[in-house]
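Reviewing the structure listed below.
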Amino acid sequence: MLMNAYKRFPVNFVRGKGPFLYSDQNHEYIDCVSGIAVNCLGHSHPAMVQAAKEQSEKLFHISNLYQNDMQTLLAQKLIRNSYHQQVFFCNSGTEANELAIKIVRKHGHNIAPNKTKILYMKESFHGRSTGALAITGQEKYQVDFRPLMGDVVECEFNNIEMAKSLVNEDFCGIFIEPVQGESGIRAVTSEFLQTLRELADQFNALLVFDEIQCGMGRMGTLFAYQQMNVVPDVVTIAKALGGGVPIAACLTREKANNIIVPGDHGSTYGGNPFVCAIAHAVLTELIDHGVVAAVEERGSYTQKKLNLLKVKYPFVKEIRGKGLLLGIQFDESMVKASDVVNSAFEARLLLVGAGDNVVRFFPPLNISLDHIDAMVGRLEQVLDNIVIQ
Ligand SMILES: Cc1ncc(COP(=O)(O)O)c(C=O)c1O
């Protein structure tokens, strides 16, 4: 019946509350996946429920042929809280990156016909469409689907000399995740980001940050770049922006503004009143009700607790990340991250793996310290019983 795209865990969740999910057997699970960094306010947050109720009684959808107050309100809030000036709303992270690809390509075409090349990073993840996949530096996702979009060039993450040797006048854009999520919570160095900014400026290419996983408060600031020394020309966001409803956005500034004109791009659903009303409620919680401001403290509390696991278990190799964008790397000669995820599932703790033998630790951003204790305590029980290879 369903296409065989996912290997799913044998559980059927029917409701959730805060950091807990409940199965059709009424079993309670602690959710440390948050829908892969989506449910930033946990499940069924009252502000989201209220916004959904109110908006659904007024208007769900009108297309982008008409003005839409909720979209304007949401765009204003994003712009007031970022260094960017224009927004396009779409439905998924992949789509936001597709638009970013079109923006950098049109920027190139506006300058010279052969200014078409895009630099991307090895081990990156930008989505599964044939454009976003072409700049996703992971062979395993690409191999069966070639040929993908052309004129893309791979650079090793954090390799300054390599970036300098590759980029020239033919490049229209540079894509990077400020922290690589899917490949194992791998942070970019500020020297590398600075180099990419300089190369983009020197050769008049646009610098694009994919903050789909690391943005929207998970690192302790609304945008990850707000704690880095570099501002991108284009930034893409998704996941936690909607807290669980499908919405994403591509934001531009200065020379990346006004590249898109009517006819260049579109989306039937993108930024419809229903999703925008909910995303606005989410952003209000994140920004105005102090959720993002508390992430750093909650994050360092969690990191301290996770570091105690590193002291206790020789197979815990490294605790990675910042704020609540956290990863636990296991020594692969002893323990497979996938075994930890499976054992945790049996113990009703939900975790998700990543590359580099890492397990991601993604609680909701409004998590209480008590709930962090419960999550780490459950993980400790799992690690006590893990079979070392
Ligand atoms: C950094 C990054 N970019 C893009 C995507 C793709 O987003 P979506 O699955 O919403 O299309 C993801 C999804 O995991 C991601 O982590």
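Kirkwood's formula applied to the C-alpha pairs of segment 1-118 gives a hydrodynamic radius of 18.6 angstrom. Rounded, prolate or oblate: which fits segment 190-249 when a ≥ b ≥ c are the square roots of the eigenvalues of the alpha-carbon gyration tensor, with rounded for a/c under 1.5 and prolate only if a/b beats b/c? Judged from the Cα gyration tensor, segment 190-249 comes out oblate (a/c at least 1.5, b/c at or above a/b).
Site pair Q202 and L65 shows an inter-label distance of 5.0 nm when each label is modelled 7 Å from Cα along Cα→Cβ. Sorting 292-303, 210-221, 246-257 by their mean Cβ neighbour count within 10 Å, with the most densely packed peptide first, gives 210-221, 246-257, 292-303. Normalised by the number of residues in segment 26-155, the average gap of Cα pairs under 8 Å and 6 or more apart makes the relative contact order 15 percent.
Taken one residue at a time, the phi angles of segment 163-180 give Karplus couplings (6.51, -1.76, 1.60, θ = phi - 60°) of 4, 5, 6, 8, 6, 8, 4, 6, 8, 9, x, 10, 10, 8, 8, x, 10, 6 Hz. Gly and Pro are set to x. Here the Gaussian network model covers the chain, with springs between Cα atoms less than 10 Å apart; of S165, S82, S343, S165 fluctuates the most.
Seen through its C-alpha gyration tensor, with square-root eigenvalues sorted a ≥ b ≥ c, segment 93-175 comes out oblate because a/c lies at 1.5 or above while a/b is not bigger than b/c. Have a look at the DSSP beta bridges in the chain and tell me what percent are antiparallel, nearest 5. DSSP beta bridges in the chain are roughly 65 percent antiparallel.
All other residues whose Cβ lies under 10 angstrom from that of Y313 are scored, Lys and Arg at +1 and Asp and Glu at -1, for a net of 0. Mean sequence separation of contacting Cα pairs (under 8 Å, at least six apart), scaled by the length of segment 317-389, corresponds to a relative contact order of 33 percent. Counted by Cβ distance under 13 Å from A344, the other residues give a net charge of -1, where Lys and Arg count +1 and Asp and Glu count -1.
Candidates I135, L196, L283 compared by Cα position along the dipole of segment 46-288: farthest toward the positive end lies L283, with charges placed on Cβ.
What aspartates and glutamates does K312 reach when the alpha-carbon gap must be under 20 Å and sequence neighbours fewer than 8 apart in one chain are set aside? Straight-line reach from K312, under 20 Å: D331, E332, D339, D373, E380, D384. By the count of other C-beta atoms within 10 Å, a proxy for reagent exposure, R360, R146 are ordered fewest to most as R146, R360. Note on E57/E254: beta-carbon distance plugged into 1/(1 + (r/R0)^6) with R0 of 41 Å gives a FRET efficiency of 0.55. When peptides 153-159, 8-14 are ranked by their average number of other Cβ atoms within 10 Å per residue, the highest-first order is 153-159, 8-14. Quotient of the Cα radius of gyration of segment 113-236 and 2.2 N^0.38 Å, N being its number of residues: 1.00.
Computing Rg and the Kirkwood Rh from the Cα coordinates of segment 198-350 gives a ratio, Rg/Rh, of 1.05. Assuming charge only on the beta carbon of Lys and Arg (+1) and of Asp and Glu (-1), the dipole of segment 46-288 about its Cα centre is about 300 debye to the nearest 20.
Mean-square fluctuations from a GNM of the chain, with a 10 angstrom spring cutoff on Cα atoms, peak among Q55, Q227, Q25 at Q25.
Per residue, the Cα convex hull of the chain amounts to 154 Å³.
For the chain, relative contact order (Cα pairs under 8 Å, six or more residues apart, normalised by length) works out to 22 percent. Counting only the Cα atoms, segment 88-134 fills a convex hull of 74 Å³ per residue.
Between N114 and M162, the contour length at 0.36 nm per residue exceeds the alpha carbon distance by 15.1 nm.
We did not get these values from a lab; they are worked out from the coordinates using the rules stated. These numbers come from a predicted model, not from an experiment. Heads up, the Cβs are rebuilt from the backbone with ideal geometry, glycines too, and the neighbour counts pull from every protein chain shown.
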